[in-house]
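Since every read-out is calculated from the coordinates, none of them should be taken as a lab result. Note that this is a predicted model, so its numbers are computed, not measured. All Cβ positions, glycine included, derive from the backbone under ideal geometry; neighbour counts span all protein chains shown.
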Ligand code: AMP
Ligand code: ZN
């Protein structure tokens, strides 16, 4: 499994930087965003280092499907009952700040910090 020692989210996967974990299995980790835009704001990440969505290949279809299918399940576990928003930022013009693939999953009563 690929791992980048300089990557913030790889350090979270390795437990070198603390996070508020919401879910973990052999393929993915979900934790609470440190600057939430919504009452519940999770990041779902693969445990292996994949920098961006543009770096995904056909071999990652199952992984991405797993991440997407976890979103409603984790929101339900967090008590989110009225819908949620999923976002994956990719590259500079996509506003990506951390170059380890992550899916933002946000829910809870509005108003939120960001629309
Ligand atoms: P993006 O702009 O899509 O790359 O989003 C990166 C997200 O990571 C932002 O929403 C940050 O608040 C979040 N973030 C950065 N550092 C941490 C951390 N140590 N723990 C949890 N979330 C973080
Ligand atoms: Zn990484």
| query | Going 7 Å from the Cα of residue 66 toward and past its Cβ, which residues in the range 89-108 have a backbone nitrogen under 11 Å from where you end up? | reply | none
| request: Please give the FRET efficiency for residue 93 paired with residue 37, using the beta carbon to beta carbon distance and R0 = 22 Å, rounded to the nearest 0.05. | output: 0.70
| field | Per-selection metrics, the chain (Cα): Rg and Dmax in Å | value | 13.6, 40
| said: If you average the alpha carbon positions of the range 90-115 and of the range 1-63, how far apart do those two centres end up, in angstrom? | reply: 13
| request: For the chain, find the longest principal axis of its Cα atoms and tell me its angle to the long axis of helix 61-77, 0 to 90°, nearest 10. | output: 30
| query | Once the piece of chain linking residue 24 and residue 8 is laid out straight, how much longer is it, given 0.36 nm per residue of separation minus the C-alpha distance between them? | reply | 4.0 nm
| task | Considering Cα pairs under 8 angstrom that are at least six residues apart, work out the relative contact order of the chain and quote it in whole percent. | result | 31
| Estimated inter-spin distance, residue 17 and residue 114, nm [label 7 Å along Cα→Cβ] | 1.7
